[in-house]
Amino acid sequence: MQRKAINIFKNLDYISILLYLALVFMGWLNIYAAVYNDEYNSIIDISQKYGKQLMWIFITFGFIAAILLIDSKVYSLGSYFIYGLMMLVLVSVLFLGKEVNGARSWFQLGFIKFQPAEFAKFATCLAMAKFMSRFNFKMMTFKNLILLGIICFTPAALIILQNDTGSALVYTSFVLVFYRQGLPGIILGLMFIAVAIFILTLITSSLITLSIILLGGVLGYYIVNKNKKECFFSIIFISIIFSLTKLCFYLFDIDKSDYKILLYSALFFLPFALIYSFKKRIKYALISIVIISGAIGFNSSVHYIFENVLEKHQSQRIKIMLGIESDPYGKGYNVNQSKIAIGSGGLTGKGFLKGTQTKYDFVPEQSTDFIFCTIGEEWGFGGSFVVISIFLTLILRLIFLAERQRSRFSRIYGYGVASIFIFHLAINIGMTIGLAPVIGIPLPFFSYGGSSLLSFSILLFIFIKLDSNRLELFG
Amino acid sequence: MKQFEQRKFTIGILIILVGILLLSRLFYIQVIEDKYKVSAENNSQRIITNYPARGLIYDRNGKLLVSNQATYDLMVIPRRVKNIDIKDFCKILDIDTLTFNKKLKKCKRYSQYRPSIFMPQINYETYAILQEKMHKFQGFFVQTRTLRKYQYNSAAHVLGYIAEVNNREIKKNSYYTMGDYIGKSGVEYTYEKYLRGVKGRTINLVDVHNRIKGKYKNGAYDIHPVIGSNIKLTIDIDLQMYAEKLMQNKRGSVVAIEPSTGEILAKVSAPSYDPNLFVGNLRNKYYRIYRKDKNKPLFDRAMMATYPPGSIFKLPQALIALEEGVINENTEFPCHGGYQVGNFRLKCHVHSSPLDLKHSIQQSCNAYYCYTFRRILEQEKYKRPREAYKVWRQYIKSFGFDSKLGVDIPYERSGFIPNVKYWDKKYRTQRWKALNIISLSIGQGDILITPLQMANMGASIANRGYYKTPHIVKEISNNTIDSSYVNLHKVNISKEYFKPVIEGMEMAVNKPKGTGRLAYTKDIDICGKTGTVQNPHGADHSVFLAFAPKDNPKIALIIYVENGVWGSRYAAPIAGLLIEKYLKGNISKSKKGLEKRMVEADLITEKE
């Protein structure tokens, strides 16, 4: 026992811990700045946010100490148990939770409130790592994909039921882990294509997007097969059908948009292309045609998804992010004010506690989801650069640590941690500067709130503990 | 697994790319783009909401019922409160220093920088004094708001009231923000969209000392407020007030409808409350008091109370029997103090026997309708009473019973006419007999109808076979009222069958032995039908359904007086007085005594 305790401190990765402490310290300073009041601090309630956060930091340190003292086997062996327990908590919060702002996602224990969705992250990460580290695990079998889906979507679904879609989206970041463990790169590529089509359709039009898809298909074909003649012929073929159909419709006075006509032409063309490529035994013929058809189908359903599947406030946030709709005093208020706050920081910022935009309550939720405004305003681009760099260093360090693990469990868990961090970083900062829709997820270690600080710390330190024991052979 | 190790580079590069993307965007916003620096150093924006005046409400003759009055909310921005003479300030507001500190602390907890209400609705005198000394009280200012003012202490249930929006309403409709007013009941609720107008917004640029530096983007994002539309009700306020006066110290309701249009002329639920007590601050206090009142003054009996209709239900029964051909106007039935089959007996009062249809209405014979209802249900062609009942229920539903009529006042109830399944369950067989449900023949038993629906039935009879959906709004300025209020709803009874029934109603009021004699009014041909509704909890209810004049009717109404014992005792005379008031404008001398008796009758305190 004593020997182990010595080992613990010997093998800890102090680089990560220092980066972590730096972030926590800066985080607290910013919450202090966000709620600080230079004039009336004497008659302010003692229960100020920065005071509470400091208390949470100490509680977190206590938890960290406990995590480091517990035998690291516990995390591997108990992962399913921890996962199951957290799912139970997520279910019970649906019935017993306290409703805040329309989301039933909080538990109130005396004066402490906590949000189970935050803690579900590390539990899911553990369960996922445990499942994928099974002996002879193969990513691309049907059964494994289904089971993995169940592990990741159960918490996501329960969190959506709490009306907290933002926190549920975090689990999509695990796709990076799957990729590292053997998910074909093409799936990652297809996800990018889907997002690109979605955005392109919304900011341009279905017609332009469809044209780009078709030209992209032809271009892709050229790159693979280097046959100019066939590419040229395809374009001519579609153009002729398009012109003929348009002429017919014009003559018979049928009112169809150009998009529809191009769509019909493309659908008319595809079977010919398929037959032709089969006869000629062209490489990847079927898969490329399936992808192109899928892209066309997705393109035509974007508007439907946007209007009918997404909720109104969600689609509006996306519109504002893409700049299609400008509503600086309605739904776009937060983002507009947040951009003003960050933009007004300039290169060097206004200085600690000198921010006016965030001070005067112009930015709603400034101590939680929009905490980055305070950084941007008071520390300027320099401060933003430092904060983002520390985050990136920490995340890259985590990947480095993950890669040096002997145990697959530890490595996968490490990747899970890194994925969650990069997702939160990208989306949270992205939404304050109009790069991502406002989905309300916290910036790790910076956003005010005990649950978020504690859960991110637990997430990180379980990995640091696992890493410190990497030389022991097990699992 | 070594095969995928190279992917760590892809992932690493991806992470670095995300970082570069964020940083380059930040570099653009923070260093290159100037747009965001305009409002940087000293300038910030302040949004001022401009509330438009709420639409006015008039009665059908253009008399102003509801207007607006200005009130003054004392606002504070806690952070700006500086070096004020608290003693002087408290003196003006008539509060002590302790209260001052408590209130200020509460505002601070909400926000240091945003204005919050320090003291709502201060009176004009205080406002005038404050305004003079305002420069001495930095951080405070007065915001003008408008509240409702009711010109008459009347029609509270019709008009409804406005109050601050609650969280649920804000969530439901993004138009509203904290502190806005919204119609909560009555016309204020139904026509909220028209009455409220559109609130405006001015965005000013202010410096750190809150001095206005000009308009944000030259007012590009400002919105001009649009004044709320005025509304003209179908209510006749004189009739409404007179009805309320007659119904004072009684429980019950009055609904009067213009048959040809479906316009509601008066709608009383007694006891009621004074709408002026529901304005602004007073509301909380009086709402609590009224809610505890066991006579339920907040409950709109005219639309939300459901009662068995009593003998007025004999009218549709007669019409259905005629339409089904089971009786004609000459059909006579005997009655010797009631209707008796074996051990079953349904009592009736003493009158001559036998009676024909008209006289059965005039004298309200119970036995006649037991025979009639049995004939309807026991027709050969329907094989079983259960099937005949289905047909009967369709007729009844065509009068607008068992469903909401669609009136433009919220919280209407639909009432209840049992379907066959209800009886199947109650008698545990599908072979129940007409005798099982015989009490329906005289409007007793398991049927429930709202006074509004009863009045609507009166209008349908007055119209000889159709009604228009009752409604309370006649005109909306710059808008049209819902087209559904113009549509005709047919009752499934042929026009010719109304003649004998209406003659019976005429006889009930105008001929000797008629049960509604007390409604008789000189020179007006009133048609009416009394009802006495058995009440297991106390004295019976007094009911009267009437319309007048007989030809080309101008008004149809229901009077429902809880615990009024006989239909003829209170309901009939009140109906007569109301019809006279509406058609002639005043009450004839010969009726003054009756009027006095009705006004003074007290059915609430008597009981206690």
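Readers should treat all values here as calculations from the given coordinates under stated rules, not as data from a laboratory. Keep in mind that what you see is a predicted model, and the values were worked out from it rather than measured. Neighbour counts run over all protein chains shown; Cβ positions are idealised from the backbone, glycine included.
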In degrees, nearest ten, helix A:228-251 long axis to first principal axis of chain A (Cα): 80
How about the range B:261-337: which trypsin sites (Lys or Arg not before Pro) there are in a DSSP loop, with at most 16 other Cβ atoms within 10 Å of their Cβ? B:Lys294
Can you tell me which lysines have their Cα less than 20 Å from the Cα of B:Lys296? Leave out same-chain residues fewer than eight positions away. B:Lys184, B:Lys245, B:Lys250, B:Lys267, B:Lys285, B:Lys607
If you take the square roots of the eigenvalues of the alpha-carbon gyration tensor of the range B:272-315 and sort them as a ≥ b ≥ c, do you get rounded (a/c under 1.5), prolate (a/b over b/c) or oblate? prolate
Which length gain, in nm to one decimal place, applies between A:Lys279 and A:Lys256 when the Cα-Cα distance is subtracted from 0.36 nm times their residue separation? 4.8 nm
Interchain or long-range residues, amide H under 5 Å from B:Tyr466's placed H: B:Val491
Once you place label points 7 Å from the Cα toward the Cβ at B:Leu98 and B:His349, how far apart are they in nm? 6.6
If I fit a long axis through the Cα atoms of helix A:116-132 and take the longest principal axis of the Cα atoms of chain A, what angle between them do I get, 0 to 90°, rounded to 10? 70
So which of B:Lys550/B:Lys589; A:Lys339/B:Lys105; A:Lys49/A:Lys350 end up more than 29 Å apart by C-alpha? A:Lys339/B:Lys105
Of B:Lys397/B:Lys421; B:Lys63/B:Lys232; B:Lys358/B:Lys511; B:Lys381/B:Lys495, which ones are farther than 19 Å apart at the Cα? B:Lys381/B:Lys495
If you rank B:Arg168, B:Arg251, A:Arg411, B:Arg80 by fewest surrounding Cβ atoms within 10 Å, what's the result? B:Arg168, B:Arg80, B:Arg251, A:Arg411
Can you tell me how the protein assembly as shown classifies by the Cα gyration tensor, rounded, prolate or oblate, using a/c under 1.5 as the rounded cut? prolate
Can you bin the range B:128-217 into rounded, prolate or oblate? Criterion: square roots of the alpha carbon gyration tensor eigenvalues sorted a ≥ b ≥ c, rounded for a/c under 1.5, prolate for a/b above b/c, oblate for the rest. oblate
Could I have the simple spin-label model distance between B:Lys35 and B:Asn487, label points 7 Å from Cα toward Cβ, reported in nm to one decimal? 5.0
Provide B:His471, B:His336, B:His157 in ascending order of the number of other Cβ atoms located within 10 Å of each residue's Cβ, fewest first. B:His336, B:His471, B:His157
Can you put B:Glu412, B:Glu132 in order of Cβ neighbours within 10 angstrom, beginning with the fewest? B:Glu132, B:Glu412
For the range B:394-444 and the range A:86-163, distance of Cα centres in Å: 51
Shielding by other protein chains, A:383-396, mean Cβ within 10 Å: 3
Shielding by partners, peptide B:5-14 (average Cβ within 10 angstrom, other chains): 5
For the pair B:Gln6/B:Leu147, report the inter-label distance in nm, with labels modelled 7 Å from Cα in the Cβ direction. 7.8
Say the cut-off is 23 Å between C-alpha atoms; which of B:Lys404/B:Lys490; B:Lys106/B:Lys193; A:Lys52/B:Lys106; A:Lys98/B:Lys108; B:Lys108/B:Lys199 go over it? B:Lys106/B:Lys193; A:Lys98/B:Lys108; B:Lys108/B:Lys199
Using a Förster distance of 41 Å, how high is the FRET efficiency between B:Thr177 and A:Ile208, based on the Cβ-Cβ distance and rounded to 0.05? 0.60
Determine which lysines satisfy two conditions relative to A:Lys228: a Cα distance under 21 Å, and not lying fewer than 8 residues away in the same chain. A:Lys279, A:Lys280, A:Lys283
Chain A - mean residue ellipticity at 222 nm from DSSP helices (-39,500 (n - 2.57) per run, n ≥ 4, rounded to 500): -23000 deg cm²/dmol
Mean-position separation - Cα centroids, the range B:288-362 and the range A:198-222, in angstrom: 75
How tilted is helix B:97-110 with respect to the longest principal axis of chain B? Cα atoms for both, answer in degrees (0 to 90, nearest 10). 90
Check cross-link reach from A:Lys312 to the lysines: straight Cα distance under 20 Å, and skip same-chain residues fewer than eight apart. A:Lys331, B:Lys171, B:Lys172
